[in-house]
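Enquirer: The structure is given below, and queries will be raised subsequently.
FYI, it's all coordinate maths here, none of it is from the lab. Since the model is a prediction, treat every value here as computed from it, not as a measurement. We place every Cβ from the backbone using ideal geometry, glycine too, and count neighbours over all the protein chains shown.
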Amino acid sequence: SIQQLSLFGFGGLAVFHGLAHALEVPANAGVSGQLGFYEGMLVTMLALYAVGTLVSQQLQQRLGDNLWLQRGLVVLGLGAVFVPALV
């Protein structure tokens with residue numbers, strides 16, 4: 001189904017995104033520094049996913065029947081993230 005395909009795609013994106021961050025670890029960080037880096041990345045990722053899930057659930061509860069408003073909020077949120085990076 002499309003839902004399973006999108007979950008697979010987002011999972012793959014998360015893996016490659018994580019690998020890109022793994023390349024940022026300094027070579028001289030040592031094992032302890034590397035483990036700390038990966039632990040921090042894991043905790044941060046889980047927090048971001050938890051907040052995203054909470055926001056998604058709240059939108060679904062409050063705006064369940066209004067898909068256009070939901071989509072507009074998503075576009076607004078993406079604009080808030082990407083426009084400053086492009087300016």
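Enquirer: Checking Gln3 against (1) surrounded by 10 or more Cβ atoms within 10 Å (Cβ to Cβ); (2) of a type outside the set (Asp, Glu); (3) closer than 23 Å to Leu73 by Cβ, only one condition comes out false. Which one?
Expert: (1)
Enquirer: Moving on. If only one of Val31, Val55 is β-branched (Val, Ile, Thr) and surrounded by 10 or more Cβ atoms within 10 Å (Cβ to Cβ), which one is it?
Expert: Val55
Enquirer: Ok, one more. Please work out if Leu67 is among the aliphatic types (A, V, I, L, M) and either farther than 22 Å from Phe10 by Cβ or within 20 Å of the chain's Cα centre (by Cα) (or both).
Expert: Criteria not met by Leu67.
Enquirer: Which members of the stretch 1-56 meet the condition of being outside any helix (DSSP H, G or I) and hydrophobic (A, V, I, L, M, F, W, C)?
Expert: Leu23, Val25
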